[in-house]
Amino acid sequence: MSDPTTAVYLLMTVIFLFIAGWKTLAFLRGPTVTLALIATAFFVGGVVYAIASPAGYRFLGEEFGQPRIATLPIYIGILACYADTHILTLLWTPAHDAPRSKVRRTVTLWTTAYGLAITAMTLVFLGADLDGPADPLRFNTQQADDRHVQVFLMILLGVLACGTLNTWQRSRRAESANPQVRHALTWFGGSMLVTFGYVLCSAPAIILAAFGHQELQTLGVFGSYFGILGCLGTCYGMTGAALSAWLRERRDSAALQPLWKLVVGDVDTGLMYSPTSAKPHLWGAVRVVLTRRIIEILDGIRTVQPWVSADIVQAVHELEDGTLPPDELEAVVTAAVLRDAAARYRASPEAARPAGKQHRSAPACQAAGVLPGRQTAAQDERARLVRVARALPHPLVDAALERAATTRAAAAEPSVEEPAAGHR
């Protein structure tokens with residue numbers, strides 16, 4: 001095996017341990033059995049990749065004086081990772097109306113079976129008399145003439161076959177209202193079926209090798225790729241939905257930045273939870289930052305709300321040609337109203353007060369109920385505010401503000417000329 005292979009395995013180690021750390025932090029914020037199992041699976045997977053790398057395999061062999069000793073933790077780690085996935089599936093797919101006690105019994109029985117299998121594999125492996133070259137990919141066929149290895153591999157393949165097929169069967173009939181759970185189970189089921197290909201390829205190769213025939217050795221090596229693909233699939237099942245949600249939160253947090261600047265940064269910095277609120281915060285605890293940003297924006301909107309004008313709403317509706325969907329039209333109206341209200345606020349004496357000390361007193365001429373979206377449900381605020389933020393530079397917003405400014409200027413002209421006429 002070459003150094004590039006070691007580099008690939010170590011890269012996978014870093015990725016797995018990084019995700020394990022990510023899930024561990026999530027567990028510390030809100031401990032659940034699910035997060036504990038997922039974090040454990042990624043930690044064990046990272047350790048397995050480190051040991052399975054050519055450098056890790058040789059290092060462990062040299063440390064223990066047994067070139068093939070690394071095979072034991074690798075196989076046990078692989079079985080533990082798939083057991084973890086199986087247990088997660090059992091927790092997420094209880095039979096219809098099944099009592100929790102039955103679910104616990106099922107999980108306990110499978111956990112016990114995996115524990116006994118790992119114990120038996122360890123005892124049998126340590127009693128094996130191994131010889132020949134230490135090649136981890138060809139261990140199954142090169143050492144298949146040893147009785148202890150035959151039992152070791154029989155336990156591994158038997159338990160792996162039962163676990164993968166049961167996981168696939170349970171995932172197919174899953175009915176969950178949680179989209180993240182549905183995503184995970186879909187990938188678990190497909191990945192476990194792919195992993196069963198490892199059993200189908202390895203079993204005949206091992207049986208033939210036990211009788212001294214190595215013709216199917218390449219088939220056994222090829223089977224390991226089914227295991228790798230299945231592992232990648234289950235990993236995506238555990239992280240894909242969360243990663244997609246994190247990316248959406250990161251995207252929305254960035255999209256809200258112009259709106260935040262309009263109604264918070266340029267209006268009243270006293271509304272900020274901390275000075276760091278002004279930063280984009282596209283990494284780290286994005287959900288916390290996004291929630292804070294939404295709260296700050298809503299506070300900012302309440303601050304400028306007394307300065308909103310019905311003239312802007314009227315201008316948008318006069319210019320709109322009827323082609324915009326209702327949600328987009330509402331976002332355009334809100335964006336135009338807020339841009340105008342923020343500008344009027346900044347021009348008022350109220351803006352001269354120190355940050356956080358404004359009285360929020362409304363102009364006497366202000367019409368009530370002008371600002372759209374006041375009755376939006378809490379769970380829909382994020383999507384609404386993102387639409388508003390994206391509508392801020394909309395051409396219709398610019399046109400409405402220009403028309404309103406022209407109308408106000410024309411309306412103000414008589415009030416300027418009237419005193420002069422009276423003087424004459």
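Going residue by residue through region 164-173, is there one that turns out to be more than 19 Å from Ile76 (Cβ to Cβ) and outside any helix (DSSP H, G or I)?
Yes: one or more hits.
Select from region 188-230 the residues that are in contact with a Cys (Cβ under 7 Å, 6 or more places away or on another chain) and crowded, with 17+ Cβ neighbours inside 10 Å and write down the one among them that is modelled with the highest pLDDT.
Per the stated criteria, the residue is Phe226.
For region 136-170, which positions are surrounded by fewer than 17 Cβ atoms within 10 Å (Cβ to Cβ), touching a helix residue (DSSP H, G or I) at 6+ places or on another chain (Cβ under 7 Å) and without any contact (Cβ under 8 Å) to a residue 60 or more places away in the chain?
The answer is His148, Ala161, Leu165.
Among (1) in contact with a Phe, Trp or Tyr (Cβ under 9 Å, 6 or more places away or on another chain); (2) surrounded by fewer than 18 Cβ atoms within 10 Å (Cβ to Cβ); (3) modelled with pLDDT under 80; (4) hydrophobic (A, V, I, L, M, F, W, C), where does Val286 come up short?
Result: Val286 passes all but (2).
Test Leu262 against the criterion of being crowded, with 18+ Cβ neighbours inside 10 Å, aliphatic (A, V, I, L, M), modelled with pLDDT of 80 or more and in a helix (DSSP H, G or I), and give yes or no.
It is true that Leu262 is crowded, with 18+ Cβ neighbours inside 10 Å, aliphatic (A, V, I, L, M), modelled with pLDDT of 80 or more and in a helix (DSSP H, G or I).
Yes or no: region 271-281 includes at least one residue that is part of a helix (DSSP H, G or I), under 24 Å from the mean Cα position of the chain (by Cα), of a type in the set (Ser, Thr, Tyr) and modelled with pLDDT of 80 or more.
no
Checking the condition under 44 Å from the mean Cα position of the chain (by Cα), closer than 22 Å to Leu256 by Cα and either at pLDDT 85 or above or outside the structural domain of Ala331 (by TED's automatic domain parsing) (or both), which residue from Leu371, Leu392 passes?
The conditions single out Leu392.
The values are calculated or read from the model by the stated rules, or taken from the named source; none is laboratory data. This structure is a prediction, so every number in the text was calculated from the model and none was measured. Counting neighbours? That spans all protein chains shown, and the Cβs are built from the backbone with ideal geometry, glycine included.
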